Amino acid sequence: MIESPARVIRTEDGLTWVTSEAPESCGACGGRGCGSSLYARLLHPREPEFPVDNPVGARPGDQVVIGIPDGALLHASLASYVLPLLMVLAGAAAGEYWGGELISVVGALSGLALTALWLRTHRTAGSGPVILRTGPSGCRAH
């Protein structure tokens, strides 16, 4: 299970929304801060909020530890990067076979659109983030 500290922002309609809270320093960079966090602050000045399952009953303002299953990141990466690429190539190849260059472009865009639709509607049960416990946590992964 990969764990990360977060803070509960709100609960509504059965969903609990959290924002990720990176620790001051996890020691990996000697306390200078992560370069990736610098880019994140530039691109997302307001902390993004994420919906999570809340089996522990955390309330707004609580510090929590959220977790995702070990294979969830690999699965999400494959679904987000490899599947769209394969669908674009398959759509382009099918379009080229049946109708030439213009149909190939339409096929590629159709493959991309179908993948986006599938990713939007498909969610694997038990692979999303869940609140594991309340209270502060350090920088670690299990």
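When segment 49-71 is filtered for residues that are at pLDDT 85 or above, surrounded by fewer than 17 Cβ atoms within 10 Å (Cβ to Cβ) and under 26 Å from TRP118 (Cα atoms), the ones remaining, listed by number, are PRO51, ASP53. Selection over segment 72-105 of residues that are under 13 Å from the mean Cα position of the chain (by Cα) and either closer than 21 Å to SER20 by Cβ or surrounded by 14 or more Cβ atoms within 10 Å (Cβ to Cβ) (or both) gives a count of 8.
For segment 107-142, the set of residues classified as at pLDDT 65 or above, polar (S, T, N, Q), surrounded by 11 or more Cβ atoms within 10 Å (Cβ to Cβ) and more than 16 Å from LEU78 (Cβ to Cβ) consists of SER110, THR134, listed by residue number. Among the residues of segment 58-79, those that are within 18 Å of ILE9 (Cβ to Cβ) and outside any strand (DSSP E or B) comprise ALA58, ARG59, PRO60, GLY61, ASP62.
The values are calculated or read from the model by the stated rules, or taken from the named source; none is laboratory data. Just so you know, these numbers come straight off a predicted model, no measurement behind them. Backbone-built Cβ (ideal geometry, glycine too); neighbour counts: all protein chains shown.
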